[in-house]
Structure formats: C-alpha cells, structure tokens
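Worksheet for the structure shown next.
The values are calculated or read from the model by the stated rules, or taken from the named source; none is laboratory data. A quick note: this is a predicted structure, and the numbers were derived from the prediction, not measured. Heads up, the Cβs are rebuilt from the backbone with ideal geometry, glycines too, and the neighbour counts pull from every protein chain shown. For accessibility, only protein heavy atoms count, side chains too; no ligands or nucleic acids. Shrake-Rupley method; radii C 1.70, N 1.55, O 1.52, S 1.80 Å.
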Amino acid sequence: MARVFITGSADGLGKMAAQLLVEQGHTVVLHARNDARGHEALNSLPGAESVVIGDLSIIRQTREVADQVNALGVFDAVIHNAGVGYREPKRVGTEDGLPQVFAVNTLAPYILTALIRRPKRLVYLSSGLHQQGDTSLKDLTWEKRRWQGQQAYSDTKLQDVLLAFAVARWWPDVFSNAVEPGWVATKMGSAAATDDLDQGHRTQVWLAVSDDPAANVTGEYFYHMRGRTPKPATREVELQDKFLDACRKISGIELPQ
Ligand SMILES: NC(=O)c1ccc[n+]([C@@H]2O[C@H](COP(=O)([O-])OP(=O)(O)OC[C@H]3O[C@@H](n4cnc5c(N)ncnc54)[C@H](OP(=O)(O)O)[C@@H]3O)[C@@H](O)[C@H]2O)c1
C-alpha cells in the first residue's frame with residue numbers, strides 16, 4: 001500500500017482521487033488552501049490520514065506546505081492537482097505580484113517538486129488545452145501581454161507538461177508523468193463539461209500507485225489510462241530547461257539535480 005499526497009484535494013478531481021485511493025486501502029494526505037477548507041476536506045474523507053494547509057498562490061505558503069509534507073515523512077507519490085481555471089476575466093495579481101493562474105498552476109508544482117522530499121512517483125495535472133500553450137515562454141507573468149484568461153490557463157498547462165518531462169529527465173529514479181483528465185463537470189469544468197467525470201480522476205490514481213507495467217513509466221502524457229501525444233515542443237530538452245530556469249529565477253528556489 002502506498003502513501004500519497006494530493007494538492008487541492010478539498011474538491012473536484014483531487015478529492016475524487018483521494019477517495020478512490022482510500023477505498024483501495026492507500027494512505028492519503030490531503031491539502032487545502034486554509035483551515036476551514038481543511039476541516040471540510042477531512043470531514044468529507046475521514047479515512048484520510050491528515051490535511052496540510054496552505055494557499056498555493058503565495059510562495060511563502062507554498063514553502064510551508066512543503067515543510068508540512070516533509071514533517072510527515074517521505075511519500076510514495078505526489079499528485080500535483082490543485083489548479084485555477086481558464087475563466088479569469090482579468091489578471092488577478094498575488095501578493096508576490098504574479099498572476100494567480102501562473103502561481104497556482106505552474107509555480108506551486110515547481111516549488112513543491114523542488115522542496116518536498118523526492119517521492120517514487122510524481123503526477124502533474126495538465127489539460128488538452130496545453131496544446132494551445134505558448135512555447136516561446138515569453139512573459140510568463142503576463143506583464144507585457146494583454147490578459148487572455150484561456151491563453152493564460154493553456155500556457156500553465158503546457159508548463160505542467162514541461163515540468164513533468166524535465167523532472168523525468170533530471171530524476172531518472174522517479175516516475176514523473178502528466179495527465180489530461182478530460183473536460184469534466186467539477187467546479188472548474190462547470191456543468192457544461194462533456195467528458196466522463198468518472199474517468200477524470202482514475203488515471204492519476206493509477207499512475208500514483210499501480211503496479212501495471214503501463215503505469216510504471218516516466219516522461220509520458222496520459223488520457224484515460226492510455227498514452228496520448230502531447231504538443232511536440234514539450235519534448236524539447238532546451239525548452240524544458242529554459243522553463244526550469246525561469247521558475248528558478250521567479251521563485252528563488254532551485255530544483256535539485
Ligand atoms: N475539470 C476539468 O474539466 C479539467 C480539465 C483539464 C484539466 N483539469 C485540471 O485538473 C486539476 C483539478 O481540477 P478540478 O476540475 O478538480 O478543479 P476544482 O474542482 O476547481 O478543484 C481545484 C482544487 O484546487 C484547489 N485550489 C485552487 N486554488 C488553490 C490555492 N490557491 N491554494 C490551494 N488550493 C487551491 C481548490 O480549492 P478550493 O476547493 O478551496 O477552491 C480545489 O480543491 C486542475 O489542475 C485542472 O487544471 C481539469
């Protein structure tokens with residue numbers, strides 16, 4: 001049985017993944033943005049071991065999340081699931097001066113990957129919209145571009161794939177993969193979503209804990225438990241390293257080799 005940490009597990013796909021893992025007998029540590037959401041998360045999933053608290057839009061709090069996780073010991077798997085969606089009508093600035101969507105969807109997984117003691121498996125939630133992400137990596141923090149919520153979101157989901165693939169290359173002893181859950185009816189996906197909600201959380205659970213040889217791979221992109229071809233640029237080593245370097249400069253935190 002495995003021990004798994006899941007970010008953003010008070011709701012949506014993170015909560016569904018946590019539930020499934022608990023049902024399968026695994027040990028799960030939840031994560032929520034604040035104490036109130038943490039209580040709600042634990043109340044709705046009493047089988048979870050505990051909950052870690054921190055707002056992932058704030059670098060200081062993201063560091064604290066990593067500290068709390070490390071204080072609980074080493075995990076077998078971490079699922080980087082927390083995210084904010086594509087409908088932000090304007091650039092919502094964080095206290096670090098970053099766009100919220102970039103801080104939560106891109107920088108937080110980078111920081112947590114760098115600071116949490118290395119697990120055996122890492123899973124990063126991407127999206128089909130990553131195909132529309134900007135591969136120039138120019139103006140990651142939207143200071144020069146006119147704000148476009150869907151483009152900003154798509155960029156972060158491309159960056160999540162770059163992160164998964166870069167980590168797979170940097171840390172060959174870790175399985176590091178990206179997942180496209182499909183457009184499903186969570187708070188983020190909305191009731192209009194057309195894909196199968198019951199498939200939305202299964203691939204990340206499978207990648208986190210399964211002994212299936214098909215899940216014991218690294219540097220791959222999955223949709224509904226099958227490999228899918230990601231945007232070709234995500235395979236470019238130079239682009240991956242350029243992305244890591246940008247995250248290092250923005251966060252002041254280095255990904256260990
Ligand atoms: N749903 C889809 O159609 C879809 C499609 C493609 C990819 N995805 C990806 O799947 C992942 C999960 O999405 P979802 O559909 O489950 O979304 P969701 O229902 O909105 O859940 C997102 C989770 O992230 C948490 N979160 C957001 N901002 C946070 C912050 N600043 N600090 C801490 N936690 C924060 C939320 O906390 P609160 O509950 O407190 O807000 C919630 O638990 C995301 O990475 C998303 O990009 C989803």
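So the values come out like this:
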{"read-out": "Test for E180: is it within 16 Å of the ligand (Cβ to nearest atom), under 22 Å from P119 (Cα atoms), open to solvent by 10 Å² or more (accessible area, probe 1.4 Å) and touching a strand residue (DSSP E or B) at 6+ places or on another chain (Cβ under 7 Å)", "value": "yes"}
{"read-out": "Of residues in the range 142-163 being among the hydrophobic types (A, V, I, L, M, F, W, C) and not in a helix (DSSP H, G or I), the one surrounded by the fewest Cβ atoms within 10 Å (Cβ to Cβ)", "value": "W147"}
{"read-out": "Matching residues, the range 30-50, being modelled with pLDDT of 95 or more, more than 9 Å from the ligand (Cβ to nearest atom) and not aliphatic (A, V, I, L, M)", "value": "D35, G38, H39, N43, S44, G47, E49, S50"}
{"read-out": "Any hit, the range 98-116, residues being open to solvent by 30 Å² or more (accessible area, probe 1.4 Å) and within 24 Å of S210 (Cα to Cα)", "value": "no"}
{"read-out": "Tabulated pairs, the range 1-26, first more than 17 Å from L42 (Cβ to Cβ), second in a strand (DSSP E or B), C-beta under 9 angstrom, 6+ apart or interchain", "value": "M1/T27; A2/T27; A2/A77; A2/R121; L13/L125"}
{"read-out": "Residues that are closer than 21 Å to L21 by Cβ and not aromatic (F, W, Y), drawn from the range 72-85", "value": "L72, G73, V74, D76, A77, V78, I79, H80, N81, A82, G83"}
{"read-out": "Evaluation of W170 against (1) of a type outside the set (D, E, K, R); (2) away from the ligand (no atom under 16 Å from the Cβ); (3) in contact (Cβ under 8 Å) with a residue 60 or more places away in the chain; (4) farther than 24 Å from K120 by Cβ (one fails), failing number", "value": "(4)"}
{"read-out": "Residue list for the range 16-36, restricted to those being surrounded by 14 or more Cβ atoms within 10 Å (Cβ to Cβ) and in contact with a strand residue (DSSP E or B) (Cβ under 8 Å, 6 or more places away or on another chain)", "value": "A17, A18, L21, V22, H26, T27, V28, V29, L30, H31, A32, R33"}
{"read-out": "Pair list, Cβ under 8 Å, 6 or more apart: the range 127-141 residue touching a residue at least 40 places away in the same chain (Cβ under 8 Å), other residue away from the ligand (no atom under 16 Å from the Cβ) and among the aliphatic types (A, V, I, L, M)", "value": "T135/A233; T135/L239; L137/L239; L137/A246; L140/A246; L140/I250; T141/I250"}
{"read-out": "Those residues of the range 199-235 which are free of Cβ contacts under 8 Å to residues at least 40 places away in the same chain, at negative phi, open to solvent by 70 Å² or more (accessible area, probe 1.4 Å) and assigned to a loop (DSSP other than H, G, I, E, B), in sequence order", "value": "D211, T229"}
{"read-out": "Qualifying residue in the range 141-148 (condition: β-branched (V, I, T) and either within 12 Å of the ligand (Cβ to nearest atom) or closer than 17 Å to V78 by Cα (or both))", "value": "no"}
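Conditions tested, residue by residue: (1) at pLDDT 95 or above; (2) in contact with a helix residue (DSSP H, G or I) (Cβ under 6 Å, 6 or more places away or on another chain); (3) under 21 Å from M188 (Cα atoms).
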{"site": "V28", "(1), (2), (3)": "yes, yes, no"}
{"site": "V52", "(1), (2), (3)": "yes, yes, no"}
{"site": "R60", "(1), (2), (3)": "yes, no, no"}
{"site": "A77", "(1), (2), (3)": "yes, yes, no"}
{"site": "P89", "(1), (2), (3)": "no, no, yes"}
{"site": "G93", "(1), (2), (3)": "yes, no, yes"}
